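Enquirer: Sharing a structure, written as structure tokens. Questions coming.
The values are calculated or read from the model by the stated rules, or taken from the named source; none is laboratory data. Model, not experiment: these values are computed from the prediction. Positions of Cβ are backbone-derived with ideal geometry, glycine not excepted, and every protein chain shown enters the neighbour counts.
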Amino acid sequence: MPQFICATIQLMVSPALETVPRTPKLRPSGFSARSAASFTLFACALFIVLGIVTTLLGPTFPLLLKRWPVTTAQLGTLFFWQFIPSTAGTLLSGAMLSKRSFRLGVVFGVALCLLGVAGLIWADWNLGRAAVACYGVGLGFALPATNLAVAEANRTRRAASVSLLNFAWGVGAISGPLLLRLTHSLSGFFIALAALVALGLAGSAIWQMPPKSAAAPTGEMPVSAPVRLWIVAPLIAASMFLFCGVENAVAGWAATLALPSFADAFRASNANEAFWAFFLAGRALAPVVLRRISETWLLFASIITAAAGVLAFYFAAHAATILVACAIAGLGVGPGFPLLISRVSELIGPQRPACTVCFAFAGIGAATLPSAMGLIGEKMGDPRAGLLLPLFGLVLLLPTARMLSAWRRNA
């Protein structure tokens with residue numbers, strides 16, 4: 001979101017994209033079509049690397065447990081150390097991008113990612129937490145700045161270019177476990193990833209990026225239909241909190257919970273790979289499915305499918321069934337968050353402060369549910385018992401989705 005959370009916040013609330021002139025230029029002045037294509041390709045490559053960084057905790061958890069003398073619950077707090085700073089970084093990046101260039105946001109964010117990943121190579125527990133927070137803040141700056149820059153470079157096809165960019169992020173999420181198995185060493189993984197981030201930083205410093213548009217709006221923004229924000233906003237905020245929390249809880253703990261059924265921690269990362277591969281497939285298939293069923297029914301199907309996957313993961317006893325369960329969970333979770341984004345745009349509107357609050361709750365959910373899942377597993381003496389938390393969250397999502405559907409019909 002979450003891994004898409006940071007980018008989505010800025011795409012919806014940033015002044016750079018809030019309004020569009022009636023006769024917009026096809027592309028920024030001095031920025032050719034070839035430059036736009038070149039930068040978009042570079043941004044996709046960068047997002048593959050940042051996708052690995054965003055999701056690195058999941059596949060490395062079993063190895064970090066061996067390196068650091070901490071409990072499973074303590075290790076779970078690393079999600080808090082990543083996603084709370086990431087959410088704060090995203091909110092702070094709005095102020096930077098309103099006054100500074102896209103390049104500054106991208107370079108600053110990627111530099112912090114490099115510092116954080118490099119810090120993990122030989123870090124102890126205390127330094128490790130600081131390193132995770134460091135790359136978390138970096139992601140909060142780099143992801144939205146890159147999204148906005150790509151959207152600005154491709155004004156006539158913003159949605160398509162940003163979708164391609166975030167597809168590249170998903171490729172990175174899948175590639176993390178592959179890189180870990182390829183290096184077959186925790187330190188080697190961090191060294192290789194730091195090298196990739198360093199290449200991304202060098203490219204960010206020298207690659208031509210579009211200038212920000214200074215065009216002022218010539219017309220007023222359309223006003224959405226009035227709704228009772230004091231009811232709708234908490235419903236959407238709670239839904240985002242739960243969806244992003246479930247996504248990060250299942251993906252973050254998949255390898256650790258799967259480890260007893262696999263030969264080693266490197267093979268256990270196949271569980272992360274299965275989740276993210278079908279997560280990406282779920283998002284890719286959503287537009288096709290929406291031609292046949294409504295958004296409301298797809299949201300219900302997404303929640304039920306994710307719950308079935310989590311429940312199957314809880315009872316899975318063999319490697320094959322664990323992989324199938326993670327794949328089902330990923331397939332269900334994948335389409336959910338974009339569907340909630342459409343509710344935000346329709347019922348609240350991207351310019352209202354309540355919109356930013358809803359996305360902030362998504363980041364808080366991504367930080368707290370995985371941490372709480374580790375604590376529950378430790379308290380109950382069974383790590384898989386923590387899966388009851390995301391399962392309970394998905395059950396809670398069913399009535400909230402129903403209420404949001406009712407509000408949508410009445411709006």
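Enquirer: Any residue that is modelled with pLDDT under 95, in contact with a helix residue (DSSP H, G or I) (Cβ under 6 Å, 6 or more places away or on another chain), β-branched (Val, Ile, Thr) and in a helix (DSSP H, G or I) - is there at least one of those in segment 143-154?
Expert: yes
Enquirer: If you take the residues in segment 95-115 that are touching a residue at least 40 places away in the same chain (Cβ under 8 Å) and not aliphatic (A, V, I, L, M), which one is surrounded by the fewest Cβ atoms within 10 Å (Cβ to Cβ)?
Expert: Taking the candidates together, the pick is SER98.
Enquirer: Can you find a residue in segment 130-146 that is surrounded by fewer than 20 Cβ atoms within 10 Å (Cβ to Cβ) and either over 20 Å from the mean Cα position of the chain (by Cα) or hydrophobic (A, V, I, L, M, F, W, C) (or both)?
Expert: yes
Enquirer: Only one of ALA73, ALA43 is closer than 18 Å to ASN154 by Cβ and among the small types (Gly, Ala, Ser). Can you tell me which?
Expert: On the way: ALA73 fails: closer than 18 Å to ASN154 by Cβ.
Among ALA73, ALA43, only ALA43 is closer than 18 Å to ASN154 by Cβ and among the small types (Gly, Ala, Ser).
Enquirer: If you don't mind, another one. Can you tell me which condition ALA202 does not meet? The list is (1) in a helix (DSSP H, G or I); (2) in contact with a helix residue (DSSP H, G or I) (Cβ under 9 Å, 6 or more places away or on another chain), and all the others hold.
Expert: Here ALA202 meets the rest and fails (2).
Enquirer: Determine which member of the set VAL137, VAL110, VAL132 is modelled with pLDDT of 95 or more and within 16 Å of ALA43 (Cβ to Cβ).
Expert: VAL110
Enquirer: Only residues in segment 233-247 that are over 18 Å from ALA406 (Cα atoms) count as the first member; pair them with residues that are outside any helix (DSSP H, G or I), Cβ under 7 angstrom, at least 6 apart or cross-chain, and list the lot.
Expert: CYS244/MET1; CYS244/PRO2; GLU247/MET1; GLU247/PRO2
Enquirer: Provide a single number: the residues in segment 234-277 that are farther than 18 Å from VAL395 by Cα and over 15 Å from the mean Cα position of the chain (by Cα).
Expert: Of the residues in that region, 21 qualify.
Enquirer: What pairs can you find where one residue is in segment 123-147 and of a type in the set (S, T, N, Q), the other is in a helix (DSSP H, G or I), and their Cβ atoms are less than 6 Å apart, with a gap of 6+ or different chains?
Expert: Qualifying pairs under 6 Å: THR146/ALA43; THR146/VAL106; ASN147/ALA7; ASN147/LEU11; ASN147/VAL162.
Enquirer: Right, another one. Name the single residue, out of those in segment 167-179 being surrounded by fewer than 24 Cβ atoms within 10 Å (Cβ to Cβ) and under 17 Å from the mean Cα position of the chain (by Cα), that is modelled with the lowest pLDDT.
Expert: Restricting to residues being surrounded by fewer than 24 Cβ atoms within 10 Å (Cβ to Cβ) and under 17 Å from the mean Cα position of the chain (by Cα), the top hit is PHE167.
Enquirer: In the list GLY374, GLY386, which residue meets the criterion of being at pLDDT 90 or above, more than 17 Å from the chain's Cα centre (by Cα) and farther than 22 Å from ALA308 by Cβ?
Expert: Going through GLY374, GLY386 in turn, the sole match is GLY374.
Enquirer: I would also like to ask the following. Condition first: within 24 Å of the chain's Cα centre (by Cα) and either of a type in the set (S, T, N, Q) or over 19 Å from LEU298 (Cβ atoms) (or both). Now tell me which residues in segment 394-407 satisfy that.
Expert: Passing the criteria: only THR400.
Enquirer: OK, next. Looking at segment 288-317 only, could you name the residues that are surrounded by fewer than 22 Cβ atoms within 10 Å (Cβ to Cβ) and of a type in the set (Gly, Ala, Ser)?
Expert: Result: SER294, ALA301, ALA308, ALA312, ALA316, ALA317.
Enquirer: Next question. Would you pick out the residues in segment 220-268 that are assigned to a loop (DSSP other than H, G, I, E, B) and modelled with pLDDT of 85 or more?
Expert: Residues satisfying the conditions are PHE262, ALA263, ASP264.
Every residue, every condition in (1) closer than 26 Å to LEU64 by Cα; (2) touching a His at 6+ places or on another chain (Cβ under 9 Å); (3) of a type in the set (Phe, Trp, Tyr), yes or no:
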position: ALA145; (1), (2), (3): no, no, no
position: LEU148; (1), (2), (3): no, no, no
position: PHE167; (1), (2), (3): no, no, yes
position: LEU178; (1), (2), (3): yes, no, no
position: ARG181; (1), (2), (3): yes, no, no
position: GLY188; (1), (2), (3): yes, no, no
position: LEU199; (1), (2), (3): yes, no, no
position: ALA202; (1), (2), (3): no, no, no
position: ALA205; (1), (2), (3): no, no, no
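Enquirer: Under 23 Å from ALA284 (Cβ atoms), of a type in the set (S, T, N, Q) and outside any helix (DSSP H, G or I) - does that describe any residue in segment 155-171?
Expert: No, the conditions are met nowhere in segment 155-171.
Enquirer: For GLY76, only one of the following conditions fails: (1) over 22 Å from GLY116 (Cβ atoms); (2) in contact with a Gly (Cβ under 6 Å, 6 or more places away or on another chain); (3) of a type outside the set (A, V, I, L, M, F, W, C). What is its number?
Expert: (1)
Enquirer: Condition first: at pLDDT below 85, crowded, with 22+ Cβ neighbours inside 10 Å and out of contact with any Ser or Thr (no Cβ under 8 Å at 6 or more places or on another chain). Now tell me which residues in segment 356-367 satisfy that.
Expert: Correct list: CYS358 only.
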